[in-house]
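A quick write-up on the structure given underneath.
The values are calculated or read from the model by the stated rules, or taken from the named source; none is laboratory data. Model, not experiment: these values are computed from the prediction. Don't worry about glycine lacking a Cβ; one is built from the backbone with ideal geometry, like all the others, and counts go over all protein chains shown. Heavy atoms of the whole protein, side chains included, go into the accessibility calculation; ligands, DNA and RNA do not. Shrake-Rupley method; radii C 1.70, N 1.55, O 1.52, S 1.80 Å.
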Amino acid sequence: MKHLSIRRQMTLWFAISLLVVMSVMYLAMHVVLKRTMMNNAESIVQAYGAQASSYIEAENGTIKFDESMPDSEAEVYFQIFNSDDQSVYSYGVPDEISSLTPDFNQPRVLSISGINWMIYDQEIEEDSSQIGWVRSVKSLNYIDETLSNLFIVFLCLCPAFLIFALLIGYFLVRRTLLPIDKITAAASKIGRGDLSQRLNMKNTGDEVGRLSATFDEMIERLETAFLAEKQFTSDASHELRTPVAVITAYAENAISEGSTPEENKHAMEVILRESKKMSATISSLLMLTRGDQRKYQPNLELIDLAQLIEDVADEVRMSAEQKDVSISVSTCGSILLMLDQTLMTNLLLNLLGNAVKYSKIGGHVEIILFSERRNVVLKIKDDGIGISKEDLPKVFNRFFRSEHSGDTEGTGLGLAIVKWIVDVHRGEIKIESELSIGTTVTVYFPIDQI
Ligand code: ADP
């Protein structure tokens, strides 16, 4: 059984079950048929014995049988005995049965010379005294013949049914398991790296139909994740290659003969700037990768979010002033939430940094913090360059930078990190924006997390 294919195992089980069912049915039929025929034979010999007794009369102590009694149509034989157990009349009863001692009022079955007989002895009474008795007998040969015919029919039909069942079972199982073969073939192609494989089978709603639909969905998700991973790796290497190329070029220049101290200083400044940029990109990537692997355990503590916003706003104000951008903060007192301080600072720096970075000269950034029924809501509004409708759904993608961002510095990882931080805090984030009008980022933190 261990090495048989599922198809063969199922067919075999099907055949064995059919054999068991047929055997049980045969046995049940045998028992019921035998019981019914025996009961019938009992009734016949009893009735015939009674009929024979009614044709008997007693005259001066001797009994006389009226031979005009019609013969039995059911082949019942009988013999009449007087009170001294001497035979008075016999019709067809074999000698071996005639000599048996009587056993009154209870039909019995005896096997004589290999043939079963139903024997019934009935007393004949007159004026409450026994004047003789009648023995009626019937051969049960026909019951044995019927039962052995039944057995022959069973023996002949059994293999025919079995072969039929095996064939039908085999083809049915084959048809049912065909999708499994398809799944195996597709899985083996996928194993070789072809994630475009789909089963595309009609969903019949049965187990195999559901399996193939689930399989296709799983491969779809795998392919999407695999492509995203590929895109991410290529974006990351591209993003790091540019600063490395700049650093290499400036370093080669600096060590070349004839470079002046001023040129060397400038080279060092560029190298430092590019290194910082690379370091920032690597830190962001590391943070996102840890988030992906769900390795990051947030260090949640009770924090006054209003105070944290004031602190971060003060920090950003210095760079905002260079662009003549003003920042206003509106909170209604302290708002305490369970937050990871490092992550929240990162989130605020990114959102506020973007609002200032993409503001027009002399623009205004507004931070509003308030509590709703279930959430604490943080809104960061700017009146900067805005985001186009086409770009809006992509801003959380890693390395996405809108073409409207021009040559403002950035890696395209900030909002991806913000989204991850919001998820860590089981919150939600929404961005509304209109090109050249401004952008509003809204973050919802659930209050029940406290
Ligand atoms: P980065 O700012 O480093 O480019 P982000 O992930 O923070 O990366 O933002 C992705 C893109 O979304 C930005 O390049 C920019 O085009 C757009 N964006 C984000 N915030 C704003 C904003 N407040 N105003 C306009 N555009 C924005």
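Worth pointing out:
- Candidate set: the stretch 397-416, residues that are without any contact (Cβ under 8 Å) to a residue 24 or more places away in the chain and more than 6 Å from the ligand (Cβ to nearest atom); chosen: the one nearest to the chain's Cα centre (by Cα): ASN397
- Close contacts from the stretch 273-296, counting a first residue that is open to solvent by 50 Å² or more (accessible area, probe 1.4 Å) and a second that is among the basic types (Lys, Arg), with Cβ to Cβ under 9 Å and a gap of 6+ residues or different chains, come to THR289/LYS295; TYR296/ARG290.
- The set of residues in the stretch 1-18 that are hydrophobic (A, V, I, L, M, F, W, C), surrounded by fewer than 14 Cβ atoms within 10 Å (Cβ to Cβ) and part of a helix (DSSP H, G or I) comprises ILE6, TRP13, ILE16.
- Which listed residue, of LEU351, LEU343, LEU347, is away from the ligand (no atom under 15 Å from the Cβ) and either within 47 Å of the chain's Cα centre (by Cα) or on the phi > 0 side of the Ramachandran plot (or both): LEU343
Rundown of residues vs (1) in contact with a Phe, Trp or Tyr (Cβ under 6 Å, 6 or more places away or on another chain); (2) open to solvent by 60 Å² or more (accessible area, probe 1.4 Å); (3) outside any strand (DSSP E or B), yes/no style:
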residue: LYS34; (1), (2), (3): no, yes, yes
residue: ALA41; (1), (2), (3): no, no, yes
residue: VAL45; (1), (2), (3): yes, no, yes
residue: GLU57; (1), (2), (3): no, yes, no
residue: PRO70; (1), (2), (3): no, yes, yes
residue: PHE78; (1), (2), (3): yes, no, no
residue: TYR89; (1), (2), (3): yes, no, no
residue: GLU96; (1), (2), (3): no, yes, yes
residue: LEU100; (1), (2), (3): no, no, yes
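- Any chance VAL325 is of a type in the set (Val, Ile, Thr), closer than 22 Å to GLY438 by Cβ, more than 48 Å from the chain's Cα centre (by Cα) and open to solvent by 20 Å² or more (accessible area, probe 1.4 Å): no
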